[in-house]
Structures are given as C-alpha cells and as structure tokens.
Amino acid sequence: MQRIINFILNYRNSVLYFFLLIVSLTFTIRSHSYHQSYFFNSSKWFTGSVYNVSSNITSYFNLEEENQRLSEENEKLRNQLFNTSTISDSIKYLRVDFEVVHARIVKNSYASPRNYITIDKGDKDGISQDMGVITTKGILGIVENTSANFATVQSILNTKSTINAKIKNTNYFGSLKWDAKNFNVVQLIDIPRLVPLTVGDTIVTGSMSSIFPENIPIGVIKKYNLNQAQSSYNIDVTLFNNMANLKNVYIVKNKNRKEVLELEKTTLNAE
Amino acid sequence: MLSNPIIVTIVRFVLLILVQVLIFNNLNFFGYINPLVYVLFFYWYPIRENRAAFITVSFLLGLFIDIFSDTLALHAIVSITLAYVRPFLMRFCFGANFDFQAFTFKNATRLQRITFLFLLILIQHVLFFSLEIWSFAHILLILKKILFTSFSTFLICILLTSLFAKEND
C-alpha cells in the first residue's frame, strides 16, 4: 500500500493529467454521438450574457443589410395577404397549429463540424427543446438546450443533425445531413432512384417531422449522383440562407407536437 | 501590481478567453480559419511552475473556451496536453540552459523561442482538429484545417508576442 501511495505521489502530475484526459475524452466522445451536454453549453446565464453584450455592440455593423432582408420578407408577406381574399372570415375558423416567436442570434458558428447557435430567447419566452428555428429565407436548426433567457440551437450545419426534407411539390422525401465540408452546401440522402431530378429544383421541409411546418424552404439542388449501392440519390443542396450572416430568427412552436409524439408512442407500445 | 506573476497570469487567463471567444472564434477567415490564440497562455506562463497547478489551470482555461464555443472538452484536452508536454518541449528547444535555476526567456535566442511557440501550436492544432472532426473519411479536411489554421495562429501569435513584449525581454 505504501508503495502504491509513493508511486502515485511520485507521478502525481502524470496521474492528474491522465485523469483529466480521460474525463475530457469521455465528454467529447459522448457529445459526438449523443446530445450536447446539458450543463456545459453556451445557453447558460454567464456565457449567454457575455455573448449578448458582444452582440449588442457588433449588431450595428450590418443593420442596413438586416433591415433590407426584413422589408423584403414583409413585401412577400404583404403580397400574400393582399392577394388572399376573405382572409378575415376564414381566419376565425382557422386552427392554429404553429406559433412563431422571434429571437436574435447572439453567437453564430459555422466553421466547425458541430455548430451550435445561441439565441436570446429561453424558457421565459416559452422556448423548449426540439422546437424548429427558421430565418426569413429558410430553415436554420432545432433548439437543443435552454436556460431562462437563452437557448442553443443545433444548426443544420451539424453532423449530428437529421431533418426530414422533400422536393417541392412532390412527396418524395429524404433526410437532410451535412458532411462538414462547405457551409453553404448540405446533403439530401435517401431520395429513391426513380425520382426525376433537375439541377435547380427547390428542396423544402417534409411533412414527416413534428418540428417544422411543411414547405419551409431549404435550398436548391446543386448537383446529384447515385449512392454507392446505386439505389438512391445523394443530392448536394445549396442553402437559401447565408449561414455566415444571420441575425434575426423565428422559433416555431408546434402546438400538436406533444399529441403527435404521444400517439406515436402508444402506437409503438401497442404493437 | 503588474509585477506579481499570479495577478498577471489571472489577467492573462481572462483576457485570452475573451479574446478567443469574442474575436478569434468569429473571424472565419475564408469561411473556416479561426486562429486559436489561447496557445499564448502556455507560451507566457512562468517557467518555474508548479506542474499540478499548471495542469489544473489549463484544464479550466480549456473548459471555459469549450463552454463558450459549445465544443465540450475539446479545448480542455488540448490545454492539459500542452501543459503536460511543455517542460519536455522547453528542454528540447532551450537545451541544457533550461536546467539552470537562473534561466529566463531573456537567455534564449529568438529562434529558440519561435521554435518553442511553433511546436506548441503544431501540437495544439493536430490534436484539436483530429478530435474535432473525428473521422478518417475527412482526413483531407483535417489536414487542410491544420495547415491553414496553424499558419494563421502562428502569424497572429508572433504579432501579439512582439506587441506585448516587455522592454527587457
């Protein structure tokens, strides 16, 4: 026993190093395949506040561009509004499935293989895990962790992200993934071989997800080829969003999500 | 006050974390180059250190940067490794001089110091990007990132060290 203690004391630095190394490696490798750590993420009060201060200062630099983008969106929405007749009558009977909350990005990231974005809305504003986040131009990601005033969003530029997507105006759907190579291009996989494709076709979110509403734009087909098994397509999709320059986002709450999930669970259990 | 090494180290610790997460993590030069300047902490840390304390402080430095950049424990692994191998690197770069009690950076030549910094940066980047991407299929991407990011980190560190060099250093 004495010898063991002496050994540890003699090599205490190495012991400390290997102990910390194993702890860190466990954390890292777990976060490669599972969810982001609940305790150590930038949605927490301290990190969120630091990013908020920094973002308050830097947000002035591209204010003009951001205004332009928002008024373009207003223009589009007004066009829809004015060209929909009898809206005031029909809206009374409309079932509200989705609710939208706006937020501001306080920390953006797109250079790493697992990107997380921090936004300035949290539990207090009714944000919770697995809500969809979109911008004026297309989808952005899914809420992963929240604190009182901030939330982290798993970006679509994250190798862990999988989002149901389809080709616009058809019902052929696949999964949207990212290969970590280019921050403007994501990959759509599992589209069957028989589907006719054209470069420039629009990709939108599919109806299989209880997170995003259907038909949120994602991007256009850049190029496509068959996968190794020759059975389905691997499609490169150029995003509508410029992921490097984002400021205002919307969080989409699906009011029926809980019901859908519960129903799916009971169905699975019944089998 | 500025001569007390503990206070200087604490100030450096806080400033390097803030500079790393608020400025250099958002640089995204050419879309992916974000220099990892916190390596300067290991370059500037006092030479006669308590190794256990140094490793613990490095772990905290890495962990703080990780929490800010949502890369859990990656920077922590890199930091403790740098802290652990630093004495071996110093002996390698500064030779027999290093073992004398009176050794300071003043005694080392400029080339020796640059070699030391270069090796720290090399270890940091190889370790960081291999662990970050963690896939053999992306070996070219890893090499590309290591090459360009370490080059930019090296340039910026050289600039920062000359900017903050003490008169008598």
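The values are calculated or read from the model by the stated rules, or taken from the named source; none is laboratory data. Model, not experiment: these values are computed from the prediction. Cβ placement follows ideal geometry from the backbone for every residue including glycine, while neighbour counts extend to all protein chains displayed. These accessible areas exclude ligands, DNA and RNA; they are computed on the full protein's heavy atoms, side chains included. Shrake-Rupley method; radii C 1.70, N 1.55, O 1.52, S 1.80 Å.
Worth pointing out:
- Shape box of segment B:49-123 [Cα atoms, principal axes, largest first, Å]: 40, 24, 17
- In loop segments of segment A:188-245 as defined by DSSP, the trypsin sites (Lys or Arg not before Pro) with at most 14 further C-beta atoms inside 10 Å of their C-beta are A:Arg193.
- Residue among B:Arg113, B:Arg12, B:Arg48 with the largest mean-square fluctuation in a Gaussian network model of chain B, springs linking Cα atoms under 10 Å: B:Arg48
- Residue among A:Tyr17, A:Tyr34, A:Tyr110 with the largest mean-square fluctuation in a Gaussian network model of chain A, springs linking Cα atoms under 10 Å: A:Tyr17
- If you take the alpha carbon atoms of chain B and fit the smallest convex hull around them, that volume is 121 Å³ per residue.
- Peptides A:131-139, A:197-205, B:91-99, B:124-132 ranked from most to least packed give A:131-139, B:124-132, A:197-205, B:91-99, packing being the mean of other C-beta atoms within 10 angstrom over each peptide's residues.
- Histogrammed with a bin width of 10 Å, the alpha carbon distances of the protein assembly as shown distribute as 4, 18, 26, 23, 15, 9, 4, 1, 0 percent, first bin at zero.
- With the convex hull of the Cα atoms taken as the outline of segment B:1-92, the averaged projected area works out to 6.5 nm².
- Rg/Rh ratio calculated on Cα atoms of segment A:194-250 (Kirkwood radius): 1.04
- The three principal axes of the C-alpha atoms in segment A:109-198 carry coordinate ranges of 48, 27, 21 Å, sorted with the longest axis first.
- Per-residue average of Cβ from other chains inside 10 Å of A:23-32: 6
- The packing ranking of peptides B:69-76, B:31-38, highest mean first, is B:69-76, B:31-38, where packing means the average number of other beta carbon atoms within 10 angstrom of each residue.
- Per residue value of the accessible surface for the protein assembly as shown (all protein chains in place, 1.4 Å probe), Å²: 54
- Whether segment B:79-134 is rounded, prolate or oblate, judged on the alpha carbon gyration tensor where a/c under 1.5 counts as rounded: prolate
- Of the DSSP H helices in chain A, those that are both long (alpha-carbon extent of 18 Å or more along the helix axis) and hydrophobic (Kyte-Doolittle mean at least 0.5) are A:12-33.
- Here the ratio of the Cα radius of gyration of segment A:158-271 to 2.2 N^0.38 Å is 1.16.
- With Cα atoms, 0 to 90° folded angle of helix B:110-133 axis to chain B main axis: 30
- For segment A:1-160, the Rg and Dmax computed from alpha carbons only, in angstrom: 23.1, 88
- Ranking by accessible area, most exposed first, for A:Glu99, A:Glu259, A:Glu73 with a 1.4 Å probe: A:Glu259, A:Glu99, A:Glu73
- Along each principal axis, Cα extent of segment A:160-203, largest first, Å: 27, 19, 17
- FRET E, pair A:Asp97, A:Tyr172, Förster distance 30 Å, beta-carbon r, rounded to 0.05: 0.80
- Efficiency of FRET from Cβ geometry, A:Lys223 and B:Ala102, R₀ 45 Å, rounded to 0.05: 0.10
- Exposure of B:Thr161 as accessible area (Å², to 10), given a probe of 1.4 Å and all protein chains: 30
- Across the alpha-carbon set of segment A:78-232, the Rg to Rh ratio works out to 1.01, Rh being the Kirkwood radius.
- Whole-number percent relative contact order across chain A, with pairs defined as alpha carbons under 8 Å at least 6 apart: 18
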